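Structure below; questions to follow.
The values are calculated or read from the model by the stated rules, or taken from the named source; none is laboratory data. Since this is a predicted model, take the numbers as computed values, not measurements. Neighbour counts run over all protein chains shown; Cβ positions are idealised from the backbone, glycine included. Note: accessible area is taken over every heavy atom of the protein model, side chains too, but ligands, DNA and RNA are not part of it. Shrake-Rupley method; radii C 1.70, N 1.55, O 1.52, S 1.80 Å.
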Amino acid sequence: MCFLPYFDRGFPASETREKERWDLLSGREIKTFLGHPLSVLLTFVLHHQACPGSQSPLSSIACPWGDNAMSARQIILVGNPNVGKSFVFQRLTGRYVEVSNFPGTTVQLLEGEYGADHIIDTPGVYGLSRLSDEEKITVAALKNADLIINVIDGTRLSRDLFLTLQLLDACLPVIVVINMIDEVEKRGLRIDTALLEEILNVPVIGISAATGKNLGVLRSQMDSKVRTSTLKKEWETPQSWHLTGIESVLWHEEDEVISRQVGHRTANGMREIHYVDRRIRADDMASQVWQEPAESGGLQKRVDQWLLSPIGGLVAAIAVLGIIYYILGTLVARMTVDWLEQSITQFVLPVVVKLVSLVLAPHSWIYQLLVGPYGVISAGLLYIVALLLPLVTAFYFLLAVLEDTGYLPRLATWLDRWFLRLGLNGRAVIPLVLGFGCVTMATLTTRVLESQREQTIATILLAWTVPCSAQMGIIVGLLSGLGVKYALAYAFTIVGLFIGVGTVLDKTLPGRPVPLLLDLPQLRYPNGANVFWKTRAKMLEFLREAWPLFVVGAGLIELGEMTGLLPAMDHMLGPFLQYWLGLPPAAAQSFLLGFIRRDFGAAGFYQMGLTAHQIVTGAVTLTLFVPCIASTLVIFKERGWRDGFLIWVGSICLALVMGGFMARLGPV
């Protein structure tokens, strides 16, 4: 059975909407306007063209339209975080999505095709109360759902059934999919899916998205019609309110949006009553179909206790972060990047310059803009291929390994107690650790944080106090031969400012950090294929978003060089730096180069013959100085022009103030 366009979507008659549809008969793109008289005529004509033998009246147009009939359904995947929902989406659609053990990975709706149907993967949520952005996105998607696939973690049945009951209370068409059934069986357990199906009165299927077990059964069930029950009396609302089932449930749970919409509020405390009732029902159902394993002092439990303890967590964090820094800061930033830069400079750029010179007159302004010292092609090629590509690939590979093993949520949980003092929660571990690889990447990743307040704090900390791996490698080289007191002076200054700035922001910005709610997945060996595809997807996603910024930044710097703006600034800043920071006037060029790329500025100190005191002063000032131009552009993009400008100016002020203090009070 099929329905012609627009009559099966329930749009209000007064609402005028422009829709584009594909005419299956002639292959022409047609536009119809709902609410316009011509749309009725057009729909009638299409109906009789497609179903010439049909005599049904226009008010109930329904006919077989070949085998498919423009009856494409909206299928929504819903589930808690870390239940394998994105993996199920990948299996059904054939489209790769990131399969992660850390919440915040799926921060938007992912869409794909399942035959003639449209399937959407929603963010992981614990409920439908619209208290977080993920819940708001999910509820909005459910309002237009024709079928809901509720994915459940078989090892956490009681927890996940809470969301299932919310979906069923709202009278939505649901198929319950119990994922990770292979892990359940490995533990010697069994879930009685038939009994659970009888209790819930909806289809229940046990699958393993990782191995593909029972996916054929799921597809067969998806192709069948799924019944929906009538709204229970306890969730009913006056018919004059015109609320759907999910809106009625939300109103009973004190949803602010629905309450304002209908002009009535439910009794105070009703949400808590429903929560407790639903929690008890979920626990009772789980106990009937699945029995918790007896507690045992296994290796998994002992490792978990150690990783989450103050001492054990500290040791593990230092070890893991030390390995990450060694791989990124030494093996990649100082070895791989250096080799790629030399290779491109010696073998690739001369060929590119030669080719450009065949087309453009050497030393012309467009020639300089393309292949000058900071040209769009020359500097852009070095940025993207020699710097970005190895750093991004290496970091996302390491991040994928940490996610796939299940360690990252444990690190976030352990760090949460410390991050709360900075106005953040444990989720900030991803952007802050990523900042030691590339601040540009890290700034983009602040999107995983749940509130604008936390995103702003994390962005400021990254821009002001976190050196990228390329810059850090140069600074470590500069400080390594100076002695312990100089290295400690630098480290204590940067770490102290990181803590101090975070604390001040937490005290001054309105609001409080969002509480951290995390599931701790099973510790396991990383899956090689998952790590590879995750690394590839994140790397390509970042390059697509960041490479234009690097190219634009290179072009702006070259324009400044061509117009004489940069040399003029160099000449103007030299005397000030000599007076305030005690650095030679030539150091002004290092600060300007640091804006192009942070490690360029630090590398400039090698040729100046600076004293140990001057090196420490310059290193502190450069670390706190404005981020590179690519990071600056990302900050403006993510935080807006006003906040971005304040962050940029604030970094200059902080760098000069702390540099002046170090010049006068630092070790000599």
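Suppose R0 equals 45 Å. What FRET efficiency, 1/(1 + (r/R0)^6) with r the Cβ-Cβ distance, do residue 657 and residue 346 give to the nearest 0.05?
Efficiency for this residue pair is about 0.60.
Could you point to the residue in 415, 429, 444 farthest towards the positive end of the range 365-481's charge dipole, with +1 and -1 charges on the Cβ of Lys/Arg and Asp/Glu respectively?
415
Find which of 251, 263, 168 sits farthest along the positive direction of the dipole of the range 117-264, computed with +1 on the beta-carbon of Lys and Arg, -1 on that of Asp and Glu, about the Cα centre.
Checked the options; the winner is 168.
Further, regarding this structure: Full extension from residue 319 to residue 418: what is 0.36 nm times the residue separation minus their Cα-Cα distance, to one decimal in nm? Let's see the in-between values first.
On the way: separation 99, 0.36 × 99 = 35.64 nm, distance 1.79 nm.
That pair, residue 319 and residue 418, stretches by 33.8 nm at full extension.
Oh, and also: Sort 421, 410 by heavy-atom solvent-accessible area, probe 1.4 angstrom, most to least.
Ranked list, largest accessible area first: 421, 410.
Among 149-155, 347-353, how do they line up by average Cβ neighbours within 10 Å per residue, starting with the highest?
Sorting 149-155, 347-353 by mean packing, highest first, produces 149-155, 347-353.
List every residue whose amide H lies under 5 Å from the amide H of residue 152, counting only residues 5 or more places away in sequence or on a different chain, with H placed 1.01 Å from N in the peptide plane.
177, 178, 179
May I ask you to compute the full-extension gain from residue 638 to residue 579, defined as 0.36 nm times their residue separation minus their alpha-carbon distance, rounded to one decimal in nm?
17.6 nm
I would also like to ask the following. State in Å² the accessible area per residue of the range 149-284; use a 1.4 Å probe, count heavy atoms of protein chains only, and round to the nearest integer. Working shown, then result.
Working: 6610 Å² over 136 residues.
Each residue of the range 149-284 exposes 49 Å² on average to a 1.4 Å probe.
Please go through the range 199-267 and write out the GluC sites (Glu not before Pro) that DSSP classes as loop and that have at most 15 other C-beta atoms within 10 Å. Walk me through the intermediate numbers first.
Numbers: sites: 234, 236, 247, 253, 254, 256; in loops: 236, 253, 254.
Here the GluC sites (Glu not before Pro) that fit, given the DSSP loop and packing criteria, are 236.
Just to verify a number: what accessible area does residue 605 come out at with the full protein assembly present, 1.4 Å probe, Å² rounded to tens?
Using a 1.4 Å probe on the heavy atoms, I get roughly 10 Å².
I would also like to ask the following. For the range 632-644, what does the Karplus curve 6.51 cos²θ - 1.76 cosθ + 1.60, with θ = phi - 60°, yield as ³J(HN,Hα) per residue in whole Hz, taken in order and with x for Gly and Pro?
Going residue by residue, I get 4, 5, 5, 4, 4, 5, 7, 9, x, 5, 5, 5, x Hz, with x marking Gly and Pro.
Report the FRET efficiency, 1/(1 + (r/R0)^6), for residue 586 and residue 364, where r is their Cβ-Cβ distance and R0 is 35 Å, rounded to 0.05.
0.70
Can you return the lysines within cross-link range of residue 232? Criterion is Cα-Cα under 27 Å, with same-chain partners fewer than 8 residues away left out.
Answer for residue 232, where 27 Å is the Cα cut-off: 136, 143, listed by chain and number.
Follow-up question, since we're still on this one. Modelling each spin label as a point 7 Å along the Cα-to-Cβ direction, I'd like the residue 244/residue 355 distance in nm, to one decimal.
That separation, rounded to one decimal, is 5.3 nm.
Additional query: With θ set to phi - 60° and the Karplus curve 6.51 cos²θ - 1.76 cosθ + 1.60, what are the ³J(HN,Hα) couplings of the range 574-581 in order, to the nearest whole Hz, using x for Gly and Pro?
Per-residue couplings from phi come out as x, x, 5, 5, 5, 6, 7, 9 Hz.
So who's got an amide H within less than 5 Å of the one on residue 438, skipping anything under 5 residues away but keeping other chains? H placed 1.01 Å off N, in plane.
Result for residue 438 returns 469.
Determine ³J(HN,Hα), in whole Hz, for all residues of the range 652-668 in sequence, where each value follows from phi through the Karplus function 6.51 cos²θ - 1.76 cosθ + 1.60 and θ = phi - 60°; x replaces Gly and Pro.
My calculation for the range 652-668 gives 5, 4, 4, 5, 5, 5, 5, x, x, 5, 5, 5, 9, 10, x, x, 10 Hz in order.
Ok, one more. In debye to the nearest 20, how big a dipole does the range 297-437 give about its Cα centre with +1 on each Lys and Arg Cβ and -1 on each Asp and Glu Cβ?
Numbers: 8 positive and 6 negative charges, 64 e Å.
Dipole magnitude for the range 297-437 comes out near 300 debye.
Does the range 238-370 come out rounded, prolate or oblate by the C-alpha gyration tensor, with a ≥ b ≥ c the root eigenvalues, rounded set by a/c under 1.5 and, if not, prolate when a/b is larger than b/c and oblate if not?
Since a/c reaches 1.5 but b/c is at least a/b, the shape of the range 238-370 is classed as oblate.
Check which residues have an amide H placed less than 5 Å from residue 113's amide H, if you skip close sequence neighbours.
HN-HN under 5 Å from residue 113: 119.
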